[in-house]
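> Let me give you the structure first, and then I'll get to my questions.
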Amino acid sequence: MAISLRIRKRQTPLKLQSGLVLAGALVLSLALSALLLKLQGKPAGQAMLVIFQGAFGSLWALEDSLIKAVPIFLCSLGVAVAFRLQIWNIGAEGQYALGAVGASWVALSFPSLPWYLLQPLMLAAASVTGGLWGLIPAVLKLRMRTNEIIVTLMLNYIAILFLDYLVYGPWKDPRSFGFPMTRQFDTAAVVSKIGESNLNWGILVCVAAGVIFWIFFRFTRYGYEIKAGGENIRAARYARIPYDYLVMLVMVLSGALAGWAGFLEVSATVNRLEPSIMVGYGYTAIVVAWLARLNPLFIGVASLLLAGLRVGVEQLQLDFQVPAAFGQIMEGLILLTVLAGGFFVNYRFYLGKKD
Amino acid sequence: MDGFTISLLAAAVQSGTPILYATLGEILTEKSGILNLGVEGIMMVGALAAFLTALTTGSPALGFAVGGLAGALLAGVHAAVCLGFQGNQVVSGLALTILGTGLANFLGTPFVGKSGPGFTALPIPGLADLPLLGPIFFRQDVLVYLSYLAVPLLWLFLRNTRWGLDLRSVGENPAAAAANGLNVVGWRWIGTMAGGFLTGLGGAYLSLAYTHLWTNGLSAGRGWIAVALVIFAFWRAERAMLGAYLFGGVMAFQLRLQAAGTHLPSSLLLMLPYALTVIVLVLASWRQMRSAMPAGLGINIEPPD
Amino acid sequence: MKKVLSVMATALLLVTFCGGMAAAKDFQVGFVYVSPIGDAGWSWAHDQGRKALDKMPGVKTSFVESVPEGQDAERVILNMARKGYRIIFATSYGYMDPMLKVAKKFPKTVFMHCSGFKTAKNMGNYFGRMYQARFLTGMVAGAMTKSNIIGYVAAFPIPEVIRGINAFALGVQSVNPKAQVRVVWTKTWYDPATEKEAAKSLLDVGADVLTQHQDSPATQEAAQEKGAYSIGYNSDMSKFAPKAHLVAAVWNWSPFYRYIVEQVEKGTWKAKAYWWGIDKGIVNISPMGPMVPQAVKDKVLAAKKDLISGKLKVFAGPVADQKGDTKIADGKVASDKELLGMTWFVKGVVGSTQ
C-alpha cells in the first residue's frame, strides 16, 4: 500500500482564499516571464519593475492604461452578455469594426448637427450596425444550425475587409493624398476630453454600461432567464424560457456594446475612420471576460490590467529593447496559470492510501 | 482544361496543404472530446521549430518531425490545463494561441528573414504525366504527398481500428467509456497531443515547403481557418481535404483574378474565401451538424471523488 | 483619488530618479517602427540608420517595434517625448496625426515623420525618392523580359506604393514600350505565404520578371523556383534567390539620420519636408546580377548618372494614365505635391488602384 496525492472536490468553492490562489497564479506567470528574460540575458527583476511603472507608475501611465482599457472593457462586457447564455461570440472584433463604420457614417453624413444631437446619433448608429452584425450569426444559428464560433470568426474578417473597402474606396478623404482614411471628423463628432486630462468622457459610457449590465442581470426577468438558459438549456426550454429570442437578444446586445467601443475609438481617440483602429481588442475582450468570470466589476479590473500590461511592455521595449512579442508571452502565461489556478478554488488535495 | 485552370487547381492543393494538416490535427483532438482553439499558436511554434531545426541541421525532414513534436508539446500544455486542472477549454485554447504566437515571434526574432533548406516540388514519375490529375496532384512536394497518405490513414484509424473506436467513444460519451474500463483522461491526452503533432506539421509546411523562410506571424490566421474547416468537414478527414483545397483555391483564385487584370477592389475580392466558408457552412449545416459533433466536445470530466 | 494616485506616482518616480538623471546627459533619439525589425524589410532598413546614429559620440538611440498606427502610436511617441528624447523618428504614414498631436504638447522636442505630408513648428517630414531607384530597376526588367509581362506584388494601394509602381513602369517602357506591368495587391506587408501565392499567380499569367513592394523575400523565392527573374526591394535580396535576382531598389537611411541629428545638435534644424533623392545616396540600386548583359548595365548606370545630375526626371511629361488621359503634360514635371498624392496608374500598368 502506498500513500499518494489525491484530489477531491470542495463542498463549497474557496471564497476569500481564492484571491490568494489568483495572486499565486500571477506570481508564477511573472516568474516564468522573468526567467525567459533572464535566459535572454536581460535584467529580469528590473524589467518587471519597468513594466509596472510603465503601466501604473505615474498619472500619465495610469491615464494611458485607462484609455486603452476603454475599448477592451466595452467589447468584453459585450461578449460576457453572450457567454452568460453559453453563446460563443468570438465576433467582437467584427462588431467593433461595424460599430466604427456606423458611427463614422453619421459623423460624415450629418456634420452640421450640434454635438448633443450628433454624438447620441453616432452611438445609436454604432449600436445598430454592431448589433445587426451580431444578429446575423444568431439567426443563422437558430435557422440553419450553424456554429456561431465559426460564423462570428468569419464575419470578423469580412467586417475588417469591408472597413478597408470603405476607406480605400468611397469614403477616402480626397485631401488625404491617397492615404486610406476618411476626412477628419468635425469637433461636434468628437467625444471631448475631461478637463485637462487625456481621458475622454467615454469612461463615463463604460461606467454606465457596467452598471446597466449589472442591473440587467440582477433585476430583470430577461437577465434572469439568460442566466438560467446558460446553465441548462433543456431545463430552460422546459420552463418555457424563450430561448431563441434570448439568443438573438444577447447577440444584438453583445454586438451593440462592441459597436460602442468602435464609436468611441473613431470619435474620441482617432477622430476619423482608418484601418489602424483594428488592433485585436475584440479578441483580448474574450480573454478578459473569462478572466473576470463574466462579472462586470472584475471585467473592469481585468481590462485595466491587460491594457496596463500592453502599455508597460512598450516601456520595456524602450528601456531594454525586448521584442514586442514578449507582451504576448506574458499575456498567454497569465491566462494559463490563472485558468489552472481555478482548480485549487474548486478542488483540494489530500494524502490518501492507494487502493 | 486550360493551363490557367490547372495551375489554379495545383495552387489550391499547395495553399490548402498547411490548412489540411492543421484541420486533420484538430479533428483528431476534437474526436477525443477536447476543443483546442490554440491551432494558430501551435502552427506558429511548429513553423519556428521546424525552420530552426532545418537551418541548424540542414535536414528539412528532421525539421518537419521536430515541427510536429513542438506542436505536440504545446498541445500538451492545453491538455495539462484542461485535463489536469479542469480549465475552460475555450479560454485555454485562446491563451495557447496568444502564448504560441508570442513565443514563436519572440524566440524567432534573430532568425526573421533568414532563408533555410526546405522541400521543393518532386514530380512522381509516371503519375506526374497523367492528364489533368498529374499536374494538379503529382507535381507537388513530398509533404503534400504525405498529406495524401495522412487523410486515409486518419479516416481508417478513426473508423476501423480498436484504438480509433476507443478514442471516439471517449469523445462521444466519456461516462459510458469510463464505465467500459477506458482511461478517459489518458485517451484525451493522446488525442490532444497527437492532434497537436499534426497541427505542428501544418506549421512546418509553411516554413519548410510553402516558403523557406521564417518571419513573424508566418501563419497569418491559417490556424483559425483550420478550426472553421473542422466543422465544415463534419469532423471527417476526407471532407477536410475538400474544404482545405476549396479554401486554398478561392484564395489563389482571387490573386489570379487580380493578376489577370480585374478592376474590382481587392478588399472585396479578399472577402471571398471567408464569405464562401460561411455560405458553405450554412448550406451544409442545415441538416447534418448535430449528429456529427462529438457529444462530449468541450466538456471537462470532473475527477471522481 | 487623484491625491492617492499622485502620491503613488511620485514614489515610483523617485525610484527611477537616479536612472533618469544618467540618461538625461545623452542626446536621446527614439524610433517608432510599424513592424518587427526583422532582417530585410522596411523597419530593418530604418534600423540600420538607427545603428549608425549609435556610433555618433554622445548619441543614444532606442526604438519600439510593432507599434500599431493610431492611438497606440500616440502613446508611444508621447512616452518618448516625456522621457526627454531630443528627436523622435516615426517611420510609417499612419503615425502622422498621432505625432502631430504630441508635437503640439512638446515644443522643445524635434519630431520627424516619414512618408507623410504634414509639418508643424517642431515637426518635419521626410522621405526618400525611392521612385528614382524603381525607375532604374524597371529599366532592367524591361530589358530582361521576353514575354513582355512583368509582375508586381504589392502591399497596399497607397501613394508610396503606387508611385513606385508607376516609376517602375516608366522605367520598363523607356527601354521596352511593349511590356506591361501587372499588379496584385496582397493587403499585407508581411505574409510570405500569401506573397508567394501572389507571385505565382503572376507567373501563371505569363510574367517572367517579378518585383515587389513587400517586406519578405517570398516573391524572390517564387521567381527562382519557376526559373524567372526577380527584382528586390528594401535591401539586396540576392542571397534569397541568387539565380533569379537581377537587381534591387535599396534604402540607405544612415546619411539622412546623421544629417538630422547634426542639424539639431547645431541648432540649425528646420521644420520642413526633407525629400532626399538618389543624388544623396538615400536610395540606390544594388549591384546587378551576372545574368544582366553588360550593355543593359551600362545603360542603367548612365541613367543613374543622369538622375543624379538632374538631367533625367522620372515623372516628366507626357505621362498618361490607364485610360489614356494625360496626367502630366508634355514639357512639365510632376510636382512633389502631385507625387505625394498619386492615386492613378500610368498607361501600361494592368490592375486596380483600390
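> Select from segment C:80-94 the residues that are over 10 Å from C:Val32 (Cα atoms) and more than 7 Å from every other protein chain (Cβ to nearest Cβ) and write down the one among them that is nearest to the chain's Cα centre (by Cα).
C:Ile87
> State yes or no: is C:Lys196 facing chain B (nearest Cβ under 10 Å), at positive phi and not acidic (Asp, Glu)?
So C:Lys196 fails the test.
> Have a look at A:Arg145, A:Arg175 and point out the one that is on the phi > 0 side of the Ramachandran plot, modelled with pLDDT under 90, in the same structural domain as A:Trp201 (by TED's automatic domain parsing) and of a type outside the set (Phe, Trp, Tyr).
The match here is A:Arg145.
> Follow-up question, since we're still on this one. Does C:Ile282 fit the bill of being buried (at least 19 other Cβ atoms within 10 Å of the Cβ), out of contact with any helix residue (DSSP H, G or I) (no Cβ under 8 Å at 6 or more places or on another chain) and not aromatic (Phe, Trp, Tyr)?
no
> Follow-up question, since we're still on this one. Determine whether segment B:123-145 contains at least one residue that is charged (D, E, K, R), in contact with a Phe, Trp or Tyr (Cβ under 6 Å, 6 or more places away or on another chain) and surrounded by 13 or more Cβ atoms within 10 Å (Cβ to Cβ).
yes
> Checking A:Leu140 against (1) within 14 Å of chain B (Cβ to nearest Cβ); (2) under 30 Å from C:Lys187 (Cβ atoms); (3) in contact (Cβ under 8 Å) with a residue 24 or more places away in the chain, which test does it fail?
Of everything listed in (1) within 14 Å of chain B (Cβ to nearest Cβ); (2) under 30 Å from C:Lys187 (Cβ atoms); (3) in contact (Cβ under 8 Å) with a residue 24 or more places away in the chain, A:Leu140 misses just condition (3).
> Within segment B:126-138, can you find the residues that are in a loop (DSSP other than H, G, I, E, B) and modelled with pLDDT of 90 or more?
B:Phe138, the sole residue that qualifies.
> Further, regarding this structure: Residues A:Ile299, A:Ile329: which one is crowded, with 23+ Cβ neighbours inside 10 Å, more than 30 Å from A:Leu118 (Cα to Cα) and not basic (Lys, Arg)?
A:Ile329
> Could I ask something else about it? In segment A:157-173, how many are more than 7 Å from chain B (Cβ to nearest Cβ), farther than 10 Å from A:Ala97 by Cα and touching a residue at least 12 places away in the same chain (Cβ under 8 Å)?
The total comes to 4.
> Hey, another quick one. Taking strands (runs of 3 or more DSSP E) that do not extend beyond segment C:239-354, which have at least 1 residues that are in contact with a His (Cβ under 9 Å, 6 or more places away or on another chain), closer than 26 Å to C:Phe89 by Cα and in contact (Cβ under 8 Å) with a residue 24 or more places away in the chain?
C:245-251
> Exactly one of (1) buried (at least 19 other Cβ atoms within 10 Å of the Cβ); (2) at the interface with another protein chain (Cβ under 7 Å from one of its Cβ atoms); (3) on the phi > 0 side of the Ramachandran plot is unmet by B:Leu206. Its number?
Answer for B:Leu206: the failing condition is (3).
> Can you tell me which of B:Leu218, B:Leu201 is surrounded by 24 or more Cβ atoms within 10 Å (Cβ to Cβ) and modelled with pLDDT under 90?
Testing whether each residue is surrounded by 24 or more Cβ atoms within 10 Å (Cβ to Cβ) and modelled with pLDDT under 90 leaves just B:Leu218.
> Among the residues that make up segment C:170-179, is at least one of them surrounded by 24 or more Cβ atoms within 10 Å (Cβ to Cβ), more than 20 Å from the chain's Cα centre (by Cα) and within 21 Å of C:Val296 (Cα to Cα)?
Yes - at least one qualifying residue is present in segment C:170-179.
> Sort through B:Leu94, B:Leu103, B:Leu74 and tell me the only one that's assigned to a helix (DSSP H, G or I) and under 22 Å from C:Tyr190 (Cβ atoms).
B:Leu103
> Still on this structure, please answer the following. Do the conditions hold for C:Arg163, that is, is it part of a strand (DSSP E or B) and of a type in the set (Lys, Arg)?
no
> If you take the residues in segment A:15-31 that are crowded, with 16+ Cβ neighbours inside 10 Å and over 23 Å from the mean Cα position of the chain (by Cα), which one is nearest to A:Val313 (Cα to Cα)?
Checking each candidate, the answer is A:Leu28.
> Over 22 Å from the mean Cα position of the chain (by Cα) and among the aliphatic types (A, V, I, L, M), is that true of C:Val350?
Considered against the rule, which asks whether it is over 22 Å from the mean Cα position of the chain (by Cα) and among the aliphatic types (A, V, I, L, M), C:Val350 comes out as yes.
> Just one of A:Leu153, A:Leu118 is in contact (Cβ under 8 Å) with a residue 40 or more places away in the chain and more than 28 Å from B:Val227 (Cβ to Cβ); which is it?
Answer to the selection: A:Leu118.
> Right, another one. So which of C:Asn148, C:Asn166 ends up being surrounded by fewer than 21 Cβ atoms within 10 Å (Cβ to Cβ) and assigned by TED's automatic domain parsing to the domain that holds C:Lys178?
Every option except C:Asn148 fails the conditions.
> Within the bounds of segment B:266-279, is there any residue that is farther than 27 Å from C:Pro192 by Cβ, within 12 Å of chain A (Cβ to nearest Cβ), in a helix (DSSP H, G or I) and touching a Phe, Trp or Tyr at 6+ places or on another chain (Cβ under 9 Å)?
The answer is no; no qualifying residue exists.
> State whether one or more residues within segment B:24-44 are touching a residue at least 40 places away in the same chain (Cβ under 8 Å), part of a loop (DSSP other than H, G, I, E, B) and more than 30 Å from A:Val338 (Cα to Cα).
No: zero hits.
> Within segment A:287-331, how many residues are under 21 Å from C:Val32 (Cβ atoms) and of a type in the set (Phe, Trp, Tyr)?
The qualifying residues number 2.
> A further question on this structure: Among the numbered conditions (1) assigned to a strand (DSSP E or B); (2) out of contact with any Ser or Thr (no Cβ under 9 Å at 6 or more places or on another chain); (3) not aromatic (Phe, Trp, Tyr), tell me where C:His113 comes up short.
Unmet for C:His113, out of (1) assigned to a strand (DSSP E or B); (2) out of contact with any Ser or Thr (no Cβ under 9 Å at 6 or more places or on another chain); (3) not aromatic (Phe, Trp, Tyr): (2).
> If I ask for residues that are of a type outside the set (Val, Ile, Thr) and more than 13 Å from every other protein chain (Cβ to nearest Cβ), which ones from segment C:322-353 would you list?
Those that are of a type outside the set (Val, Ile, Thr) and more than 13 Å from every other protein chain (Cβ to nearest Cβ): C:Gly324, C:Asp325, C:Lys327, C:Ala329, C:Asp330, C:Gly331, C:Lys332, C:Ala334, C:Lys347.
> Keeping to segment B:84-95, report how many residues are within 7 Å of chain A (Cβ to nearest Cβ) and under 13 Å from A:Gly332 (Cα atoms).
Selection size over segment B:84-95: 4.
> For segment A:144-202, what are the residues that are farther than 21 Å from C:Ser352 by Cα, part of a helix (DSSP H, G or I) and among the β-branched types (Val, Ile, Thr)?
Scanning segment A:144-202 gives A:Ile149, A:Ile150, A:Val151, A:Thr152, A:Thr187.
> A follow-up question, please. In the set B:Gly243, B:Gly296, which member is more than 9 Å from chain A (Cβ to nearest Cβ), farther than 30 Å from C:Ile158 by Cβ, in contact (Cβ under 8 Å) with a residue 24 or more places away in the chain and assigned to a loop (DSSP other than H, G, I, E, B)?
From the options B:Gly243, B:Gly296, the qualifying one is B:Gly296.
> Taking only pairs six or more apart or across chains, which ones have beta-carbon atoms under 8 Å, a first residue in segment A:52-67 that is closer than 16 Å to A:Lys193 by Cα, and a second residue that is of a type in the set (Asp, Glu) and modelled with pLDDT of 90 or more?
Within 8 Å, no pair qualifies.
> I'd like to verify a number: residues in segment C:199-238 that are within 17 Å of B:Pro117 (Cα to Cα), at the interface with chain B (Cβ under 7 Å from one of its Cβ atoms) and in a helix (DSSP H, G or I), how many?
3
The values are calculated or read from the model by the stated rules, or taken from the named source; none is laboratory data. Bear in mind the structure is a predicted one, so any value in this text is a computation, not a measurement. No Cβ is skipped: glycine too gets one built from the backbone with ideal geometry, and neighbour counts run over all protein chains shown.
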